[in-house]
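See structure below.
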Amino acid sequence: MRVIHLLMIFLLISAGSATAAEIIFAVDLSSSAASSAGEQSALEQAIAQIKVRAAEAKGSVGLVGYTDKVLLEVAPGQFNVAVLDQLVPAEGDASLAVGLEAASSLISDNQGASVVFYTSRGNESLERLRLQLETLATRGLSLELNLFAQSEYLAPLLISVVEDSRPMVVGDGNRVKSFFAEQLGVPLEALDPDSDLAFDFGIGQLEAYELMVQLCEELKIPSPSAHVPTRLGDIVSYVDRHRAKKLESSAGEITASSIEFAPALGSQAVKGADGLYVQTIYYGTNRKVTGAKSNEEYFGGERAESGPVSYGVCEVTIPASHKHGATESPFLGLEMFADPQKHIRIRSIKPMTEDIFFAALHDNVHQQNEVDDWTNDLVVFIHGFNVTFAESAKRTAQIAFDFGFTGTPVLFSWPSDGKLYGYPSDREDATWSIVHIEKFLQDVRKKAGPKRMHLVAHSMGNQGLIGALNLIAMKSDNDDDALFESITLAAPDFDAQLFEQQIAPGVVYLANHWTIYTSDNDAALNISTKVNSAKRLGLPVTPLVGIDVIDATGIEVTPWSVPEFHSYYATKKTVINDIVSAIKGVPPAMRELLPMSKNDIPYWRLKSAKVE
């Protein structure tokens, strides 16, 4: 019998004791609660579930009944199951904001406390909900939302709030955590997303597999057929992926999923005692070393005089407050205002010889602790115009972090001046860098030997990458075998006609998947078109055979900000999600894209581009 569609959104899994945590049930008593499907109304279904959960609760229970005003409040410790039978639908529309305020005010102990809602739609503003959700998150509370099946408004509303708020890891977190706590005989507080069955609890591979099979059988999802994840966060991700597939094919049934606030960590991102996440980036650059002591100025905008490529590793710190798509920086970029707890910073730059660099890169790519299908992959990022080395390292770290990339992130940084008026100079430097990029890519591919190698270039960086790919194609003896898994050209500042007619036919075979992102609101490329007297590839739309061209027109929300609308590929959640899907090889027809056509050649448009 279908009455309630369950969407559980967890703001935070508390690190406090879960064995005696308070739990507040909040019930929408508006007319929507009287809706029925079968023998029971939505409210009756909710009451039945609350009775069961209240009986199983280890801590004290409270209750709130509301519409657009609070109708009932029962403080923790004063709850009696009989009061549930007194709940009846009332006049008035539901207001989640009213329910959130009332329920959170009843909580006397934040440690592990939960608020569980049974509700329909609301009419409050996004901003009001956002503020309330962020407040709950900072208090360490857990929020679960169970939506009545008839509600088609609240779910996307809340998801948009969550996506704009901070990075997420999607998964049935509480259920997975409870399962392993019971199987391992440990308290819930001993487990967090970084807990590893093998390293922290001495579980062998066979035993880990048996536990996974048992968990998957309980959740009615497929068991892993090859690699078995042992890190709790990766197990949650595995469960969510397969539950999501199940949800897509089970419309009309009672379903459940969850969204849990947590950073989507790449393999190099490690949380330190200071609360900062450290993302390790391997780099190659043909910039000149300045001799400055500051990590922000270690490399300048001039060309290297010898080498010409130097190699190394840099560590970039990302604050716990990091928001998806942002590269948090101090006011006006002034170092005196820099704060690692608020801003993305370069912690260290460690130069290496070429031999040591590729040996270290090879070892990292072929790490034994495989956490998911991306672990042995490698992505090379090439930045665009008006970008310093420090900015490119931070952007690479942010992309790897926000993408949840568990493989190895690599940066190639060419000598952009990092100045808005330096376009002519940057264009020459990008062209000069073509041979260096070509050699770097070939060396990485051959010496690191990743399982799959992905290339992502932005803006003018595409002049260097496309030129390098053209060189690789001309030198190749075999024009049938793909050398790269995916190539992504984001807002490419490259002659569209030149690429379409002379370059693409000769290089398209180099990758299994090609994706180009375009937008007609990209003022930087509109200016470039005038400067170069040739339409740029990053402007809509030049459809290409064998290449997925994505029109992201309308995605930008700050038309006064050149960096914002030219860097949408790394700052907008919708585009980030699509890039991740593209890199993973998900066909466009299975993504949130609308099929389009021009000159009888298909291309695609982001579904939410006009509404984000």
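In the range 511-541, which residue that is buried (at least 24 other Cβ atoms within 10 Å of the Cβ) and assigned to a loop (DSSP other than H, G, I, E, B) is modelled with the highest pLDDT?
Residue satisfying both the conditions and the ranking: 537.
Only one of 258, 306, 294, 249 is modelled with pLDDT under 75, among the hydroxyl-bearing types (Ser, Thr, Tyr) and open to solvent by 40 Å² or more (accessible area, probe 1.4 Å); which?
On the way: 258 fails: open to solvent by 40 Å² or more (accessible area, probe 1.4 Å); 306 fails: modelled with pLDDT under 75; 294 fails: modelled with pLDDT under 75.
One residue alone meets the criteria, 249.
Considering each residue of the range 483-492, count those that are touching a helix residue (DSSP H, G or I) at 6+ places or on another chain (Cβ under 6 Å) and open to solvent by 20 Å² or more (accessible area, probe 1.4 Å), and give that number.
Number of matching residues: 1.
Going by the structure shown, is residue 377 out of contact with any helix residue (DSSP H, G or I) (no Cβ under 9 Å at 6 or more places or on another chain), within 21 Å of residue 512 (Cα to Cα) and modelled with pLDDT under 95?
On the way: out of contact with any helix residue (DSSP H, G or I) (no Cβ under 9 Å at 6 or more places or on another chain): no; within 21 Å of residue 512 (Cα to Cα): yes; modelled with pLDDT under 95: yes.
No, not satisfied.
Restricting the search to the range 542-565, which residues are modelled with pLDDT under 60, crowded, with 18+ Cβ neighbours inside 10 Å and either of a type in the set (Asp, Glu) or in contact with a Phe, Trp or Tyr (Cβ under 9 Å, 6 or more places away or on another chain) (or both)? Break it down into steps so the answer makes sense when it comes.
As a first pass, look at the range 542-565 and keep what is modelled with pLDDT under 60: 556-565.
Now narrow it down to the ones that are crowded, with 18+ Cβ neighbours inside 10 Å: 556, 565.
Once the filter is applied, which keeps residues that are modelled with pLDDT under 60, crowded, with 18+ Cβ neighbours inside 10 Å and either of a type in the set (Asp, Glu) or in contact with a Phe, Trp or Tyr (Cβ under 9 Å, 6 or more places away or on another chain) (or both), the range 542-565 yields only 556.
Might you let me know whether the range 75-93 holds any residue that is at pLDDT below 85 and surrounded by 14 or more Cβ atoms within 10 Å (Cβ to Cβ)? First the steps, then the outcome.
Kept after step one, since they are at pLDDT below 85, are these residues of the range 75-93: 77, 91-93.
Next cut, surrounded by 14 or more Cβ atoms within 10 Å (Cβ to Cβ) only: 92-93.
Taking every residue of the range 75-93 in turn, at least one turns out to be at pLDDT below 85 and surrounded by 14 or more Cβ atoms within 10 Å (Cβ to Cβ).
Here is a list of conditions, (1) part of a helix (DSSP H, G or I); (2) at pLDDT 95 or above; (3) within 21 Å of the chain's Cα centre (by Cα), and residue 502 meets all of them except one; can you say which number that is?
Going through the list (1) part of a helix (DSSP H, G or I); (2) at pLDDT 95 or above; (3) within 21 Å of the chain's Cα centre (by Cα), residue 502 breaks only (3).
Can you tell me how many residues within the range 469-490 are assigned to a loop (DSSP other than H, G, I, E, B) and modelled with pLDDT of 90 or more?
Number satisfying all stated conditions: 2.
The values are calculated or read from the model by the stated rules, or taken from the named source; none is laboratory data. Source: prediction; values computed, not measured. Using ideal geometry, Cβ is built from the backbone for each residue, glycine included, and neighbour counts are taken over all protein chains shown. Ligands, DNA and RNA are stripped out before the accessible areas are found, and what is left, the full protein with its side chains, is counted by its heavy atoms. Shrake-Rupley method; radii C 1.70, N 1.55, O 1.52, S 1.80 Å.
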